[in-house]
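So the structure is just underneath, and the comments pick up after that.
The values are calculated or read from the model by the stated rules, or taken from the named source; none is laboratory data. Values in this document were obtained by computation on a predicted structure and should not be read as measured data. Positions of Cβ are generated from backbone atoms using ideal geometry, with glycine treated the same way; all protein chains shown enter the neighbour counts.
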Amino acid sequence: MSDAASNYLENKLLDHSLRYSTAPYTGAATVYCALFAGTFDPTVKTALESGSSAATSTNWGFHEINNASYARQAITFGSAAASGSISSTATVTFPVASADYNNTATSGSTVTALAIMDASTAGNVLFYGALTVSKQVSSGDQFTISTGNLTIQLA
């Protein structure tokens, strides 16, 4: 996955690092992985970059998977970051798809991107990026991210 921090998170980290006494940032106790289908185009990137929690047709919610069995899954980064990167430390297993994955734009069953969110629903985008290899998820399939296979790196 290529990755980027959202503007929301960049601002929080800068405030936390340089203005802690007036703007401390408390991270979420649990972070969640959200899956997105469709073309990872500049419009989608701009929406994810905004970090907004509004799930509307003009924001990141437009492209998140919309399936009865889909739900964001908690993801752990239990080991300390090193050399500006951190990797997942447990396997993330999404529920078995009850139908072909799709999004509210009905643009297909292929997961093309993901985001790390600070809530299981709504919330803020923290990091986002396109998958290195897209994955079609059809009825009966299960999307899984193996331990260590999601790395987030700060430039």
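In summary, strands (runs of 3 or more DSSP E) completely within segment 63-155 and bearing 1 or more residues that are touching a helix residue (DSSP H, G or I) at 6+ places or on another chain (Cβ under 9 Å) and at pLDDT below 90 occur at 110-117, 125-136. What number of residues within segment 75-120 satisfy the criterion of being closer than 24 Å to Lys45 by Cα and loosely packed, with under 13 Cβ neighbours inside 10 Å? Total satisfying the criteria: 3. Scanning segment 1-41 for residues that are closer than 18 Å to Gln153 by Cα, surrounded by 13 or more Cβ atoms within 10 Å (Cβ to Cβ) and more than 17 Å from the chain's Cα centre (by Cα) yields Asn11, Lys12, Leu13. Among all positions in segment 42-56, there is no residue which is under 21 Å from Gly140 (Cα atoms), touching a Gly at 6+ places or on another chain (Cβ under 7 Å) and modelled with pLDDT under 85.
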